[in-house]
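Below is one structure, written out as structure tokens; the observations come after it.
The values are calculated or read from the model by the stated rules, or taken from the named source; none is laboratory data. Remember, predicted model here, so these are calculated numbers, not experimental data. So basically every Cβ, Gly included, is an ideal-geometry build from the backbone, and we count neighbours across all protein chains shown. Please note that ligands, DNA and RNA were not included when accessible areas were found on the heavy atoms of the full protein model with its side chains. Shrake-Rupley method; radii C 1.70, N 1.55, O 1.52, S 1.80 Å.
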Amino acid sequence: IYTLSLHDALPILIIIDGYDECSQREYITGNSDEKYPNNAKEKMPVAALCAKLIKGKILRGSVVMITSRPDESDEMKAKDIYFDRYVEITGFSEPQVKEYIGKYFKNNERMKNIVMDHITKNVNLVSFAHIPVLCFLMCSYFEYTLQQPKKNNPLPVKTSDLYDEVVNMFVQKHDRKKRASVEETLDDLSELAAQLLEERKFLFLKEDLKTLNLHEVESLCGSGLLHCGPPFRTSFSATTKHFCFTHLTLQEYLAARWFVKTRKIPPGDVSTEVVLFMSGILSKEEDNEFVKKLIIEKILSVPLTNTTTKGLLISKCLLQYEDIEFSKEIVKEFRNVFCP
């Protein structure tokens, strides 16, 4: 519960960051905030305060800026909540991606040329690298793998394959003495990631890591897969720490891995990024039946998404799944979605 008290004469910019990560989006887009008076000085739940600010019921002279993934922000349009302007954060441009790679590998010309050539020839990787932190993850993975003894395996091209390699790199760095099975560690983290997404949680305590001991948690933080926040006091004599995955997409990939392993369709409010990851992972298993079920229950059944958007999402799933004959069957069966 928070109290908002601001001087009316001052120009106010309010930034609500990460709307797509909010667990109370339905509350914000609904009418539950109406039970509280439209008074900026009254105490109310954070979700009610956000709803009133977004809908212009309080502090009408302020400018409200919201950051969100596009699919989740569409929920507000569907509930007739509109903004004066919509902008897209594009991240790195292609020249900036090349500049970043050049600076990252400035001390190793041979490695720079290999990575530059591989990334720029693959549209998936160029798109992936537009997000600065993901560009860093990709470069750190290529640096790590190119330093290993020569392998016959080609460098990954598909996004899900790249995440698989990146996560494996993190876990191998975490367990240098090979005390635990990489697969077991990944399963533990994947189950946790899926559970947190279903609960709309992105921060967790060490107590939530029931299958990992404190040493392993600290090692995973050191590897770069998990981030540990500063300690905070829970009582006069006790402190604890919050943990999170280094980037939301890492959590989503691990959750997708768990949903595939358990053959579970993600809940409705889990992002479409998870579905795309699942499609890529399932391509190795050639499970047409489950992919079709995933498309029907996770894309076609979403009421707030228009036909064009659904067709685009299905196309992305099929691109990740990489089965031409199966794709033809899906397009034929759901032709009205692809050609509205």
Residues of the range 71-94 being in a helix (DSSP H, G or I) and closer than 16 Å to Leu134 by Cα, in sequence order, are Glu94
Inside the range 29-57, the number of residues satisfying the requirement of being without any contact (Cβ under 8 Å) to a residue 40 or more places away in the chain and either under 19 Å from Gly18 (Cα atoms) or in a loop (DSSP other than H, G, I, E, B) (or both) is 18
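When you scan the range 53-63, do you find a residue that is of a type in the set (Ser, Thr, Tyr) and either within 29 Å of the chain's Cα centre (by Cα) or closer than 14 Å to Ile15 by Cβ (or both), even just one?
The answer is yes, given that some residue of the range 53-63 is of a type in the set (Ser, Thr, Tyr) and either within 29 Å of the chain's Cα centre (by Cα) or closer than 14 Å to Ile15 by Cβ (or both).
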Practice prompt. Report yes if Val302 is out of contact with any Pro (no Cβ under 6 Å at 6 or more places or on another chain) and either under 25 Å from Glu26 (Cβ atoms) or surrounded by 15 or more Cβ atoms within 10 Å (Cβ to Cβ) (or both), otherwise no.
Written response: yes
The number of residues in the range 81-136 that are within 30 Å of Val63 (Cβ to Cβ) and open to solvent by 30 Å² or more (accessible area, probe 1.4 Å) is 17
Only unsatisfied item for Leu162, checking (1) at pLDDT 80 or above; (2) in a helix (DSSP H, G or I); (3) over 18 Å from the mean Cα position of the chain (by Cα), is (3)
Check: Being open to solvent by 50 Å² or more (accessible area, probe 1.4 Å) and on the phi > 0 side of the Ramachandran plot, is that true of even one residue in the range 324-337?
Finding: no
Reported set for the range 188-212 where residues are at pLDDT 80 or above and either in contact with a Cys (Cβ under 7 Å, 6 or more places away or on another chain) or open to solvent by less than 50 Å² (accessible area, probe 1.4 Å) (or both) is Asp188, Leu189, Ser190, Leu192, Ala193, Ala194, Leu196, Leu197, Arg200, Phe202, Leu203, Phe204
Exercise. If we scan the range 302-325, do we find a residue that is at pLDDT 80 or above, not charged (D, E, K, R) and not in a helix (DSSP H, G or I)?
Worked result: no
Query - Test: Ala48 is at pLDDT below 90 and open to solvent by less than 50 Å² (accessible area, probe 1.4 Å) - result: no
**Asked** Could we say that Arg85 is at pLDDT below 90 and basic (Lys, Arg) here?
**Response** yes
Condition set among the β-branched types (Val, Ile, Thr) and surrounded by 14 or more Cβ atoms within 10 Å (Cβ to Cβ), scope the range 308-323, selection farthest from Met278 (Cα to Cα): answer is Thr309
Exactly one of Phe142, Phe170 is modelled with pLDDT under 85 and under 27 Å from Gln251 (Cα atoms), and that residue is Phe170
When the range 268-301 is checked residue by residue, the ones that are part of a loop (DSSP other than H, G, I, E, B) and of a type in the set (Ser, Thr, Tyr) are Ser271, Ser283, Ser301
